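Single-structure report; data block below.
The values are calculated or read from the model by the stated rules, or taken from the named source; none is laboratory data. Because the structure is a prediction, the values reported are computed rather than measured. Using ideal geometry, Cβ is built from the backbone for each residue, glycine included, and neighbour counts are taken over all protein chains shown. SASA here: full protein model, heavy atoms, side chains in, ligands and nucleic acids out. Shrake-Rupley method; radii C 1.70, N 1.55, O 1.52, S 1.80 Å.
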Amino acid sequence: MRFRLFVICLFMLIPFGSLHASEFLQGSDCEISEEEVVNGTLYAICRTLTVAGEVRGDILGAAVNVTISGQ
């Protein structure tokens, strides 16, 4: 229940007029593999977020556990 409320509050803070998501991940386990490259902003709402690849931009989101081993 608290996680859903947090997600709703997070979306209320995002100005939707300028939302240019290159990648949007949502679910229990989200992963950017070693071979993947995300150009632009990565939006993620996950229980576990793993970034082993490359994100050429910002990461914006909510997660309980985050592992970033890529660039």
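Computed values, structure above
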read-out	value
Matching residues, region 53-71, being open to solvent by 80 Å² or more (accessible area, probe 1.4 Å) and either among the aromatic types (Phe, Trp, Tyr) or over 10 Å from THR41 (Cα atoms) (or both)	VAL64, ASN65, VAL66, ILE68, SER69, GLN71
Tabulated pairs, region 48-71, first on the phi > 0 side of the Ramachandran plot, second open to solvent by 40 Å² or more (accessible area, probe 1.4 Å), C-beta under 8 angstrom, 6+ apart or interchain	GLY57/SER22; GLY57/ASN39
Residues being under 9 Å from the mean Cα position of the chain (by Cα) and in contact (Cβ under 8 Å) with a residue 24 or more places away in the chain - total across region 24-42	2
Answer from LEU5, LEU10 - the residue that is hydrophobic (A, V, I, L, M, F, W, C), open to solvent by 100 Å² or more (accessible area, probe 1.4 Å), at pLDDT below 85 and assigned to a helix (DSSP H, G or I)	LEU5
